[in-house]
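Enquirer: Let me begin by handing over the structure; questions about it come next.
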Amino acid sequence: MGHIDAHFGSARTARHLGWEGCFNVRDLGGIPVTGGGVIRWGAAVRSDNPERLTAVGWSALVAHGVQTVIDLRNPDERHGDLCPRPDILTTVHVPLDDVEDEGLWTYLRDNELDGSPLYYRVFLERKARQCAAAVAAVARARAGGVLFHCGLGRDRTGLIAMLLLALAGVSADDIATDYELSAPRLPSLFAALGIDDQTEEIREILARKNTTARSAMIGALDGLDVEAHLRTAGLDARDVQAIRERFSASANESGGAPGGARGIGGR
């Protein structure tokens, strides 16, 4: 898996959250930040679709400190919650895909870029405004933890996690390590959804392109000034500062974990 900071390595298991009904949930806390410190525990959680959470799962989410849920899915992907969503939560919808841009999705499918970080740089170039809006939603969320999600918690969620972590000062290597943590979680989710396991298909695509998911993620960040790119697309300087303040924890505070238009489907 490549170099992993000692603190990050010891915290990886603790970052996974076993919320009943979801399969790919983790706190971004504990990831080291360049220059010292780590991402603050409880600041942000990435996940698959929380509509499947049971009542016990929602209780665990609230107990974790989440106050805001940011949904990156398209309107036609929303089918309602299995169990009532707690009234304490604020839900913000920020559709990321822009499914009406059929040309983009045809290009991504035809070139086998969807389903891995291979599509991130192309998407960022074409859809910077949507990416900036999603990051701004995290920055402007009320006090408390923020959960952001798509369907599988892999692609759209992985893209926004990449941008947030980069703004917070996390290295490309550690961002790639975080991305890799989804892979072993997804087979159980595919099974629960009754859809084909995409793991081997994506691995074969990456192999044909002589790369890996890790290398593709690092490549997506290579030479990219995330702040400048998102600022040009409408992200405010105050939003950037808010992300850094929300995510930052000193070394002394690092502690531990708190008590439609796609090819390879789900994302």
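The values are calculated or read from the model by the stated rules, or taken from the named source; none is laboratory data. Since the model is a prediction, treat every value here as computed from it, not as a measurement. Using ideal geometry, Cβ is built from the backbone for each residue, glycine included, and neighbour counts are taken over all protein chains shown. SASA here: full protein model, heavy atoms, side chains in, ligands and nucleic acids out. Shrake-Rupley method; radii C 1.70, N 1.55, O 1.52, S 1.80 Å.
Enquirer: Treating the beta-carbon of each Lys and Arg as +1 and of each Asp and Glu as -1, no other charges, what is the dipole magnitude of the stretch 154-224 about its Cα centre, to the nearest 20 debye?
Expert: Dipole about the Cα centre, nearest 20: 100 debye.
Enquirer: Still on this model: Could you put R46, R208 in order of accessible surface area, largest first, with the 1.4 Å probe and the full protein assembly present?
Expert: Working: R46 5, R208 145 Å².
From most exposed to least exposed: R208, R46.
Enquirer: Follow-up. Looking at the stretch 34-174 from every direction and averaging, what is the projected area of its Cα convex hull in nm²?
Expert: Convex hull of Cα atoms, orientation-averaged projection: 9.1 nm².
Enquirer: Moving to a separate point now. Using a 1.4 Å probe over the heavy atoms of the protein chains, calculate the carbon and sulfur portion of the accessible area of the chain as a whole percent.
Expert: That share works out to 50 percent.
Enquirer: Ok, one more. Just from its helices, what would the mean residue ellipticity at 222 nm be for the chain, if runs of 4 or more DSSP H residues each count -39500 (n - 2.57) and the sum is divided by every residue, rounded to the nearest 500 deg cm²/dmol?
Expert: Helix contribution divided over all residues of the chain: -12500 deg cm²/dmol.
Enquirer: From the phi angles alone, apply the Karplus equation (6.51, -1.76, 1.60; θ = phi - 60°) to the stretch 127-137 and give each ³J(HN,Hα) in whole Hz, x where the residue is Gly or Pro.
Expert: Karplus values, whole Hz, x for Gly and Pro: 10, 4, 5, 5, 5, 5, 5, 5, 5, 4, 4.
Enquirer: Accessible area per residue, 1.4 Å probe, Å², for the chain: what's the number?
Expert: 41
Enquirer: Which of G36, I70, A143 sits farthest toward the positive end of the charge dipole of the stretch 9-155, with +1 on the Cβ of Lys and Arg and -1 on the Cβ of Asp and Glu?
Expert: Working it through, the farthest residue towards the positive pole turns out to be G36.
Enquirer: What do the square roots of 5 times the Cα gyration tensor eigenvalues come to for the stretch 158-218, in whole Å, largest first, as semi-axes of the equivalent ellipsoid? Don't jump to the answer; show the numbers that get you there.
Expert: Details: eigenvalues 110, 51, 12 Å².
In descending order the semi-axes read 23, 16, 8 Å.
Enquirer: About its Cα centre, how strong a charge dipole does the stretch 72-175 have in debye, to the nearest 20, once Lys and Arg get +1 and Asp and Glu get -1 at the Cβ?
Expert: Working: 12 positive and 16 negative charges, 95 e Å.
Around 460 debye, computed over the stretch 72-175.
Enquirer: Which of these values of semi-axes √(5λ) of the Cα gyration tensor in Å was calculated from the structure shown: (i) 24, 22, 19; (ii) 30, 21, 20; (iii) 32, 25, 19?
Expert: (i)
Enquirer: Now for a separate question. Could you list which residues have their amide H under 5 Å from that of I70, counting only those 5 or more apart in sequence or on another chain, with H placed in the peptide plane?
Expert: Here V92, L147, F148, H149 satisfy the definition.
Enquirer: Can you give me the Cα centroid spacing of the stretch 177-256 and the stretch 65-133 in angstrom?
Expert: Using only Cα atoms, the two centres lie 14 Å from each other.
Enquirer: Using +1 on the beta carbon of Lys and Arg, -1 on that of Asp and Glu, and nothing else charged, what's the dipole of the stretch 187-248 about the Cα centre, debye to 20?
Expert: So the dipole magnitude of the stretch 187-248 works out to roughly 180 debye.
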